[in-house]
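Everything on this sheet refers to the single structure shown next.
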């Protein structure tokens, strides 16, 4: 009887968790295509002024609070991320001026929200962001 109970418990726990794990697996598989389609490339396509970028990151109070730094493909601007759900800030690398943030619509932002936070607008479930 104990074995039968444990098997039923195991089955119901699995039935509850399998859809969650399937969503995480499928969204992660689709996110693996992101670098091949242009977003999230390994490096910028243009030459970046490293000295200006270093100076910007050291002197800007906004940049010092950022947890993520992404250089845009043209090498003229940097996008600063502050964690899941927080607004991103774009800065010009040479001047440090805040630039308008173009909306990132499309499939990949939705997949990121689905994969990282399960569209719950909560802290990431799958990916633990580190700060500091």
Residue count, the stretch 76-112 (criterion: under 30 Å from residue 58 (Cα atoms) and at pLDDT 75 or above): 24
Which numbered condition residue 86 misses (of (1) free of Cβ contacts under 8 Å to residues at least 24 places away in the same chain; (2) touching a helix residue (DSSP H, G or I) at 6+ places or on another chain (Cβ under 8 Å)): (2)
Residue 108, sole failed condition from (1) over 12 Å from the mean Cα position of the chain (by Cα); (2) assigned to a helix (DSSP H, G or I): (1)
Filtered residue count, the stretch 57-83, keeping only those that are touching a helix residue (DSSP H, G or I) at 6+ places or on another chain (Cβ under 7 Å), closer than 14 Å to residue 101 by Cβ and either loosely packed, with under 13 Cβ neighbours inside 10 Å or without any contact (Cβ under 8 Å) to a residue 24 or more places away in the chain (or both): 2
Long-range neighbours under 7 Å by Cβ, at least six apart or interchain, first residue under 30 Å from residue 111 (Cβ atoms) within the stretch 1-26, second at pLDDT below 90 and in a helix (DSSP H, G or I): 23/114; 24/115
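The values are calculated or read from the model by the stated rules, or taken from the named source; none is laboratory data. Being a predicted model, the structure only gives us computed values, none of them experimental. Backbone-built Cβ (ideal geometry, glycine too); neighbour counts: all protein chains shown.
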